[in-house]
Amino acid sequence: MKRIYLIASAILLFTTRCSDDFLVRAPQNQITTESFWKTDQDAILAVNSIYDALQTDMGYRLGGFMFGDIPGDDMACFDGEWFVAHDNFTVNSGNLQVKRAWRAWWAGVARANVVLNRVPPIEMDETLKQRLLGEAKFLRGVSYFNIVTIWGDAPLMDHEMNNEEIFAVTRQPQAEIWAQVEQDFLDAEALPTSIPGEEGRATKGAAKAFLSRTYLYQGKYQQAADKAKEVIDMGVYALHDEYIKNYQTQHENGVESVFEVQFVAGTGGWGNNEGNWVPSYSGPSGSSYVASGAWGIVVPSASSKNIYEANDKRRAVNLFEEGSVYNNIPYDPKWSQTGLSLAKYIVGDLPVITEGAIDAERNMPIIRYAEVLLIYAEALNELNQTATAELYLNQVRHRAGLDDLSGLSQDAFRQAIMQERRVEFFGEGHRFFDLRRWGKLKEYVHDIANKENYIEPKNLYFPIPQDERDLNPGLAQNTGY
């Protein structure tokens, strides 16, 4: 499916009748609403453009770092042009990277709404039509999941809107946004289990897994457990025998992948491409570990090397540290301000000489089967079924080379889940949001990591970009910004 982004990025849903500033600038080209929305290929291209929104700058291309990792306790940034403000909690409503993320996720919502409005009248194969509409629902759910997670209250736009309507929207309570996310994923459960030859598209399992995560984030433990178990019982997914395979190009869209964002290298120049930027941003500065160059903009915190249990196989995949060797070249701790570099998006493959700068081939994992197992385990524990929960936690630990846990109290199991998610999803955009939903941000970020600027409730969520509020004063700002 990697090829779908190449075409999608060319059309970018020219029919999205939204403000250039609020959502996405409409390209000036020769395709018109009169000549489009006629065939099944038009419908496919339009849905492809929603996938493209997930891949854009500060969406799932660096956005996970910016919101899910750097503000937490395990990652850091020392480059003032990028994410230092997120790291030290001085980010404000004028921050360019926050604005880019806002526009990326609202582009996903807008494009999905256009598809859901314009595809139904097209005369085409009904099975294909319903599948494409299901994909649009899923992708709108993903976009809104990120919006409500990052910013909290948000405008609820569930249909195609003109500029006048857009400039009149106001932010609705999180509960209403979460309800929309749930409904979109519920509707998307009608998707096929797989789409042969189209790996990377949304599927039934992806909808169920995202719905399980949605329930977990809201503390709806019974629903989270039920939906995670449905994914497990599908028999479609399994853990890779080795953790590293989740980050190797040869195993992309593999047995553990429930949903991942597709990237492909070699389609354009600096930033104008379909490649993944993460290896260049996280690779050790001054090394040859990334053939086209790496800058170490995002690095593990110095304390990150202390979070692993002895013999945890994930450490060598997650961290470059003193003693690490990649491509026969020893790692030099001087390549990072903390003496550590993130390894997982580099270490699995040899350097690719033909890749351009910020133009890597690797996909980004969004939901892996390991997360489904840990969601199920966490939810069961909260439902007082700790003994059963241990079986699913231990599947993940076993793959990491660790001993099974047994006989834990409910509270001890909570601590075990916190630890397991921390190392299993290291650098995958989960940590800050996990700490927030556990009520642990102040303890880990302010008290332990000594990020003294962190205050609540201000830093629980991120600011609404001021440029958007200038266009629509009805967009209330988050507390403290």
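The values are calculated or read from the model by the stated rules, or taken from the named source; none is laboratory data. Keep in mind the model is a prediction, meaning the values are calculated, not measured. Note that each Cβ is placed from the backbone with ideal geometry, even for glycine, and that neighbours are counted across all protein chains shown.
Taking the criterion of being in contact with a Leu (Cβ under 6 Å, 6 or more places away or on another chain), at pLDDT 95 or above, farther than 15 Å from Asn253 by Cα and among the charged types (D, E, K, R), would at least one residue in the stretch 183-199 satisfy it? Spell out how you get there, then give the answer.
Taking the stretch 183-199 as the starting set, the residues that turn out to be in contact with a Leu (Cβ under 6 Å, 6 or more places away or on another chain) are 185.
Then drop every residue that is not at pLDDT 95 or above, which leaves 185.
Checking which are farther than 15 Å from Asn253 by Cα leaves us with 185.
Subset that is among the charged types (D, E, K, R): none.
Taking every residue of the stretch 183-199 in turn, none turns out to be in contact with a Leu (Cβ under 6 Å, 6 or more places away or on another chain), at pLDDT 95 or above, farther than 15 Å from Asn253 by Cα and among the charged types (D, E, K, R).
Residues in the stretch 438-453 that are surrounded by fewer than 19 Cβ atoms within 10 Å (Cβ to Cβ) and in contact with a helix residue (DSSP H, G or I) (Cβ under 6 Å, 6 or more places away or on another chain): 1 in all.
Of these, Gly235, Gly286, Gly266, Gly219, which one is free of Cβ contacts under 8 Å to residues at least 24 places away in the same chain and not assigned by TED's automatic domain parsing to the domain that holds Tyr60?
Working: Gly286 fails: free of Cβ contacts under 8 Å to residues at least 24 places away in the same chain; Gly266 fails: free of Cβ contacts under 8 Å to residues at least 24 places away in the same chain; Gly219 fails: free of Cβ contacts under 8 Å to residues at least 24 places away in the same chain.
So the residue among Gly235, Gly286, Gly266, Gly219 that is free of Cβ contacts under 8 Å to residues at least 24 places away in the same chain and not assigned by TED's automatic domain parsing to the domain that holds Tyr60 is Gly235.
Restricting the first member to the stretch 125-148 and to residues that are under 30 Å from Ile464 (Cβ atoms), and the second to residues that are of a type in the set (Phe, Trp, Tyr) and surrounded by 24 or more Cβ atoms within 10 Å (Cβ to Cβ), the beta-carbon pairs closer than 6 Å and six or more apart or on different chains are Gly141/Phe185; Ser143/Trp105; Asn146/Trp105; Ile147/Trp105. Of the residues that make up the stretch 72-94, is at least one more than 30 Å from Ala190 (Cα to Cα), part of a loop (DSSP other than H, G, I, E, B), in contact with a Ser or Thr (Cβ under 9 Å, 6 or more places away or on another chain) and among the charged types (D, E, K, R)? Scanning the stretch 72-94, I find at least one residue that is more than 30 Å from Ala190 (Cα to Cα), part of a loop (DSSP other than H, G, I, E, B), in contact with a Ser or Thr (Cβ under 9 Å, 6 or more places away or on another chain) and among the charged types (D, E, K, R), so the answer is yes. Just one of (1) modelled with pLDDT under 95; (2) at negative phi; (3) not β-branched (Val, Ile, Thr) fails for Ala85. It is (1).
Results for (1) surrounded by fewer than 20 Cβ atoms within 10 Å (Cβ to Cβ); (2) among the hydrophobic types (A, V, I, L, M, F, W, C); (3) at pLDDT 95 or above; (4) over 21 Å from Val264 (Cα atoms), shown as yes or no for each residue.
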| position | (1), (2), (3), (4) |
| --- | --- |
| Leu45 | yes, yes, yes, no |
| Gly64 | no, no, no, no |
| Gly108 | no, no, yes, no |
| Lys137 | no, no, yes, yes |
| Ser143 | no, no, yes, yes |
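Does Pro300 fit the bill of being under 12 Å from Arg362 (Cα atoms) and buried (at least 21 other Cβ atoms within 10 Å of the Cβ)? For Pro300, the condition - under 12 Å from Arg362 (Cα atoms) and buried (at least 21 other Cβ atoms within 10 Å of the Cβ) - is not met. Taking the conditions (1) within 17 Å of the chain's Cα centre (by Cα); (2) surrounded by fewer than 19 Cβ atoms within 10 Å (Cβ to Cβ); (3) within 30 Å of Ser280 (Cβ to Cβ) in turn, Gly80 satisfies each one other than (1).
Looking only at the stretch 150-167, residues that are in a loop (DSSP other than H, G, I, E, B) and either loosely packed, with under 14 Cβ neighbours inside 10 Å or under 24 Å from the mean Cα position of the chain (by Cα) (or both) come to 7 in all.
Does Glu260 meet the test of being assigned to a loop (DSSP other than H, G, I, E, B) and either touching a His at 6+ places or on another chain (Cβ under 9 Å) or of a type outside the set (A, V, I, L, M) (or both)?
When the stated conditions are applied, Glu260 does not pass them.
Taking the listed residues Val255, Val299, Val290, the one that is of a type in the set (Val, Ile, Thr), in a loop (DSSP other than H, G, I, E, B) and more than 30 Å from Lys227 (Cα to Cα) is Val290, with no other qualifying. Within the bounds of the stretch 422-435, is there any residue that is surrounded by fewer than 23 Cβ atoms within 10 Å (Cβ to Cβ), modelled with pLDDT of 95 or more and over 22 Å from Phe259 (Cα atoms)? Yes; the residues of the stretch 422-435 include at least one that is surrounded by fewer than 23 Cβ atoms within 10 Å (Cβ to Cβ), modelled with pLDDT of 95 or more and over 22 Å from Phe259 (Cα atoms).
The rows are residues; the columns are (1) surrounded by fewer than 19 Cβ atoms within 10 Å (Cβ to Cβ); (2) without any contact (Cβ under 8 Å) to a residue 40 or more places away in the chain.
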{"site": "Val325", "(1), (2)": "yes, yes"}
{"site": "Pro333", "(1), (2)": "yes, yes"}
{"site": "Leu350", "(1), (2)": "yes, yes"}
{"site": "Ile353", "(1), (2)": "yes, no"}
{"site": "Asp359", "(1), (2)": "no, no"}
{"site": "Ile366", "(1), (2)": "no, no"}
{"site": "Val372", "(1), (2)": "no, no"}
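Go through the stretch 227-253 and give me each residue that's in contact with a helix residue (DSSP H, G or I) (Cβ under 9 Å, 6 or more places away or on another chain), under 12 Å from Asp349 (Cα atoms) and hydroxyl-bearing (Ser, Thr, Tyr).
Start the filter on the stretch 227-253 by keeping residues that are in contact with a helix residue (DSSP H, G or I) (Cβ under 9 Å, 6 or more places away or on another chain), which leaves 227-232, 234, 236-247, 251.
Filter once more, so that each one left must be under 12 Å from Asp349 (Cα atoms): 244-247, 251.
Scanning the stretch 227-253 gives a single hit, Tyr247.
In the stretch 139-148, the condition of being basic (Lys, Arg) and closer than 14 Å to Ala202 by Cα is met by at least one residue. Kindly evaluate Thr170 against the criterion of being assigned by TED's automatic domain parsing to the domain that holds Trp105, surrounded by fewer than 16 Cβ atoms within 10 Å (Cβ to Cβ), on the phi < 0 side of the Ramachandran plot and touching a Gly at 6+ places or on another chain (Cβ under 6 Å). Criteria met by Thr170.
Selection within the stretch 244-274: residues that are under 25 Å from Ile195 (Cα atoms) and either in contact with a Ser or Thr (Cβ under 7 Å, 6 or more places away or on another chain) or of a type in the set (Phe, Trp, Tyr) (or both). The member of this set that is surrounded by the fewest Cβ atoms within 10 Å (Cβ to Cβ) is Phe259.
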